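Computed from the coordinates by the stated procedures, all read-outs in this text should not be read as laboratory data. Note that the structure is predicted; figures quoted are calculated from it, not measured. Cβ coordinates were reconstructed from backbone atoms using ideal geometry, including for glycine residues, and neighbour counts include every protein chain displayed.
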Amino acid sequence: MVTFGIVADRPETGYGYIQRGEQVVSSTAFAIRSFAEKPSLELAQAYVEGGDYLWNSGLFMVRADKWLEAMTALQPEMLQVCRTAIERSGCDLDFIRPHHESFAACPADSIDYAVMEHLPNNESLGILACVVPLDAGWSDLGAWDALWDVLPRDASGNAHAGKTLAIDTRNSLLFSETCLIAAVGVDNLVVVETPDAILVADKRKTQEVKRVVAELKAQNRSLASTHRKVHRPWGWYDSIDSGERFQVKRIVVHPGASLSLQMHHHRAEHWIVVKGTAQVTNGDKTFLLGENESTFIPLGHVHRLANPGKVPLEIIEVQSGNYLDENDIVRFEDSYGRC
C-alpha cells in the first residue's frame, strides 16, 4: 500500500509528516517508520534537517482487494457501514447514490488514522506500507495561506482575486467572489468573501478554520452542510433572500430538463419568468409562459416547471408560508429517479 511523500523544502507547521525507513529492495519506495502530526516550528525544522521526513500529501495507491483486506482487519465497523450504504443505494441518472442515513453512521476518520498508521507494526496482515518520495513542485492549495504563496503579489506583498482594494495593507490575501473587499491598514490577513459567508483570519491561523466548521455544526447551522447555490440534475437554484414566512430563489433550468411533478403542504409559490420559455403544470392545467410573465402556485397544488426551449430558462421564485424547508416536497413523478 503506497503513499506519496512530498520532499520538504522548508519547515511547514501546517502539514503532517511521514518518516521513511529502509528502502524497499529494487524500488524507489521506502518502508514507513511512522506518521507525525502537524509539528511545532522547531520540530518541523528538525524534520527537514534530518532528511528522513516527508510531507504527508494524502495521496495513496493500492489495489482494491488489498484495501478491502486491510479494512476488514483494521476497521470492520467502518467497512460494514459502507457496504450497507451501497446495498441500500439508489440510482440517479448515471450516479449511484449511497444511502444517506447509513453512510452518515460511518465513523469519521482519514485513511492515515484508520489504516496506514496501523500497518508498519502489523506484519501479520501481510501488507507492506510504503512511501515514495515525490518532488514535483507540490503545494497544498486546500489552505488559504498556500493560495497566497502561489498567486501573484503586488509591491506590498498582497495577493488579490476578484474585486479588491488594498490601502496601506501588506502581506494579505484578498479573495472576492461577488462584492468589493476594501482593506485599510491591515497586515498578514486572509479575507475571503463568497455568497455564503465571509472569512477574516490571521494568515498564520488559517489551518484552524476547521474550528469554525465544528462550531457551525455544534450550532446546527445550515451553512455547515449546504451552500446558497445548490446544483440539481435539471439545473440549479440560488437562495437570494429569506426571512420569516418567505424565501426568494433564482432558478435556472437546462434546455429540455424539468423539475419533478410535486406539491407542497406548507408553502405557496409565485414564478416570474426572466429569460426563456417555461412550460408550467399548475393543478390540472399545462401552459407556456414567456419572459416577464408569471403564475401563482397555491398551497397544495400539484405543479411542475419544465424548459421546452433551446436556451436556459431563468425564473424568480417567491415562496411564502409557515414552513419553507426543502423537505416539504411530495414528488409524484421525477425524471431523475428521486422520491
Query raised in the report: Once phi is turned into θ = phi - 60°, what whole-Hz ³J(HN,Hα) does the Karplus curve with 6.51, -1.76 and 1.60 give for every residue of the range 187-202, x standing for Gly and Pro?
Result: 9, 6, 10, 10, 10, 10, 10, 10, x, 7, 6, 10, 10, 10, 8, 5
Query raised in the report: In debye, nearest 20: dipole of the range 225-282 around its Cα centre with unit charges on the Cβ of K, R (+) and D, E (-)?
Result: 120 debye
Query - Sorted peptide list for 57-64, 160-167, criterion being average Cβ within 10 angstrom, highest first - result: 160-167, 57-64
**Report entry** Nearest-ten-degree value, helix 41-50 long axis tilted from longest Cα axis of the chain
**Finding:** 60 degrees
Requested in this report: Can you run the Rg to Rh ratio on the range 229-333? Use alpha carbon positions and the Kirkwood inverse-distance Rh.
Outcome: 0.92
Report summary line: The set of residues whose placed amide H lies less than 5 Å from the amide H of residue 38, leaving out same-chain residues fewer than 5 positions away, is none
Requested in this report: About the Cα centre of the chain, how large is the charge dipole given +1 on each Lys and Arg Cβ and -1 on each Asp and Glu Cβ? Please answer in debye to the nearest 20.
Outcome: 720 debye
Report summary line: In whole Hz, the Karplus estimates of ³J(HN,Hα) for the range 323-329 (6.51, -1.76, 1.60; θ = phi - 60°; x where Gly or Pro) are 8, 10, 6, 5, 7, 8, 10
Query raised in the report: Going by the alpha-carbon gyration tensor, a ≥ b ≥ c the square roots of its eigenvalues, is the range 116-254 rounded (a/c under 1.5) or, if a/c is not under 1.5, prolate (a/b greater than b/c) versus oblate?
Result: oblate
Query raised in the report: Rounded, prolate or oblate: which fits the chain when a ≥ b ≥ c are the square roots of the eigenvalues of the alpha-carbon gyration tensor, with rounded for a/c under 1.5 and prolate only if a/b beats b/c?
Result: oblate
Requested in this report: Mind putting a number on the dipole of the range 147-222 about its Cα centre? Charges go on the C-beta only, +1 for Lys and Arg and -1 for Asp and Glu, and I need it in Debye to the nearest 20.
Outcome: 240 debye
Report summary line: Ranked output for segments 67-73, 281-287, 322-328 by mean other Cβ atoms within 10 Å, highest leading, reads 67-73, 281-287, 322-328
Requested in this report: Amide H neighbours of residue 297 under 5 Å, at least 5 residues apart or on other chains, H built in the peptide plane: list them.
Outcome: 269, 270, 271
Query - Farthest positive-ward along the chain dipole, Cα basis, beta-carbon charges - from 235, 172, 32 - result: 235
Query - Prolate/oblate/rounded call for the range 144-210, Cα gyration tensor, a/c under 1.5 rounded - result: rounded
Report task. Enumerate the calculated ³J(HN,Hα) couplings along the range 251-265 in order (Karplus 6.51 cos²θ - 1.76 cosθ + 1.60, θ = phi - 60°), each rounded to whole Hz, writing x wherever the residue is Gly or Pro. Result -> 10, 10, 10, 5, x, x, 9, 8, 7, 6, 6, 8, 8, 10, 7
Query raised in the report: What ranking, highest mean first, results for peptides 81-90, 171-180 when packing means the other Cβ atoms within 10 Å averaged over each residue?
Result: 171-180, 81-90
Query raised in the report: If one takes the longest principal axis of the Cα atoms in the chain, at what angle in degrees, from 0 to 90 and to the nearest 10, does the Cα axis of helix 64-74 lie?
Result: 80 degrees
Requested in this report: Please go through the residue pairs 229/310; 217/249; 249/285; 163/217; 229/285; 285/310 and name each one whose alpha carbons sit more than 27 Å apart in this structure.
Outcome: 163/217; 229/285
